[in-house]
1. Is it true that LYS81 is open to solvent by 40 Å² or more (accessible area, probe 1.4 Å) and in contact (Cβ under 8 Å) with a residue 24 or more places away in the chain?
2. Of all residues in segment 109-121 being assigned to a helix (DSSP H, G or I) and in contact with a helix residue (DSSP H, G or I) (Cβ under 6 Å, 6 or more places away or on another chain), which is surrounded by the fewest Cβ atoms within 10 Å (Cβ to Cβ)?
3. Does segment 294-343 hold any residues that are surrounded by fewer than 15 Cβ atoms within 10 Å (Cβ to Cβ) and modelled with pLDDT of 95 or more, and which are they?
4. So which residues in segment 112-138 are at pLDDT 95 or above and out of contact with any strand residue (DSSP E or B) (no Cβ under 9 Å at 6 or more places or on another chain)?
5. Somewhere in segment 50-65, is a residue in contact with a helix residue (DSSP H, G or I) (Cβ under 8 Å, 6 or more places away or on another chain), open to solvent by 50 Å² or more (accessible area, probe 1.4 Å) and either among the aliphatic types (A, V, I, L, M) or over 30 Å from ALA353 (Cα atoms) (or both)?
6. Looking at segment 1-43 only, could you name the residues that are exposed (fewer than 15 other Cβ atoms within 10 Å of the Cβ) and touching a helix residue (DSSP H, G or I) at 6+ places or on another chain (Cβ under 7 Å)?
7. Residue check: is TYR360 open to solvent by less than 10 Å² (accessible area, probe 1.4 Å), at positive phi and in contact (Cβ under 8 Å) with a residue 24 or more places away in the chain?
8. Return the residues of segment 46-100 that are more than 24 Å from TYR15 (Cα to Cα) and among the aromatic types (Phe, Trp, Tyr); say none if nothing qualifies.
Amino acid sequence: MNCEYFGKCASCTLYDKSYAEQLDFKVQREKQRFSNFTSMDFDIIKSSEEAFRNRAEFRIWWEKDEKGNHSISYAMNDFNKNVLEIDSCQIVSPHIQEVMPKLLELITKEKELENKLFGIEFLGSTTNDLLVTLIYHRKLSEEWNIFAKELESKLNIKIIGRSRKQKQIISEDLISEKLSINNKNYNFEYQEGGFTQPNTNVNIQMIEWVLNNIQDSSKDLCELYCGGGNFTIPLSIKFNKVLATEISKTSIKSARRNCELNNISNIEFIRMSAEEFTQGLQEVRTFNRLKDVNLKDYNFDTIFMDPPRAGLDDITRALAKDFEQIIYISCNPETLHRDLYELVKTHEIVKFALFDQFAYTNHIESGIILKKIN
């Protein structure tokens, strides 16, 4: 990767290695970590070496010269947490790379857009739909709306303005995405503020890995931490019915919309935490959110979990052990390793994969499929 900031910007921590070397470093680290559970070969899902991120956040840096004139630039922290001014970034998508300089140039020409601008966030898709959030340290006026609308038109993007307790949506606060998964097209809408996987190509391969390593089932799927339905919707073709839960209102709204976009009718989405759902399923508590859902109608054989970095809580770990098949996608190998101590008491690992969502960093995601021991 020939980026003049590579090795200076702290967003890429493995700057001293080629892509092949840094990936091998992470793979060997995780094989060692999980060696007490399995010696099987891991499936390795690689990232593109450049232009792989469809989500990015940048600070805005203000600089004054001796005459009092100012300029602004994109900025990140370096490894000493000092400000590093940048004018490009090779790990973001080609569309974001193209828009970045044009956007800043137009902002600097209009004081109302530039005044007290603090940060810029980009959320893009493979369909070249791009949502840009401008973050300010001031209240946004009606005049700002007028100039932001012109900015949208000139760059063919969508603009949101944010400041303390304020969100100004110029046209839409979402983008459209189309993913080809095992040669089948799926439509998604990603809303600002909701979770999305930043590396689209790796995300597609993650979903395909799950689909290609499980059998079709005449029974039902239980999914916890479903987000906007990223896995839920493609997985629905493998099961009779799907019951999926998520605590985020934004994500549940997106999940239901994405279900409509794909004309899928065998998924029920519920806004509940994993702990609450477990209590409802085990009839420990009653929830108004479950009043229209008859849990006894479901005949689950598989549970799918994609928890946050904290991993599973004690209640969810115990629940998972009741299912014939466990699919666990993890963004934190440390908590996955901890959770496996309990899960392997009742299940055996049959597939293990590593997904390089965040190339050039120490981070790597993983996926395991476990089957109940008879």
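The values are calculated or read from the model by the stated rules, or taken from the named source; none is laboratory data. Since the model is a prediction, treat every value here as computed from it, not as a measurement. Neighbour counts run over all protein chains shown; Cβ positions are idealised from the backbone, glycine included. Heavy atoms of the whole protein, side chains included, go into the accessibility calculation; ligands, DNA and RNA do not. Shrake-Rupley method; radii C 1.70, N 1.55, O 1.52, S 1.80 Å.
1. Working: open to solvent by 40 Å² or more (accessible area, probe 1.4 Å): yes; in contact (Cβ under 8 Å) with a residue 24 or more places away in the chain: yes.
Considered against the rule, which asks whether it is open to solvent by 40 Å² or more (accessible area, probe 1.4 Å) and in contact (Cβ under 8 Å) with a residue 24 or more places away in the chain, LYS81 comes out as yes.
2. GLU112
3. Result: ASN299, GLU334, ARG338, TYR341.
4. Across segment 112-138, the qualifying residue is only GLU112.
5. No: zero hits.
6. LYS17, ARG33
7. The answer is yes for TYR360.
8. Taking segment 46-100 first, the residues more than 24 Å from TYR15 (Cα to Cα) are 62-72, 99.
Result: TRP62, single match.
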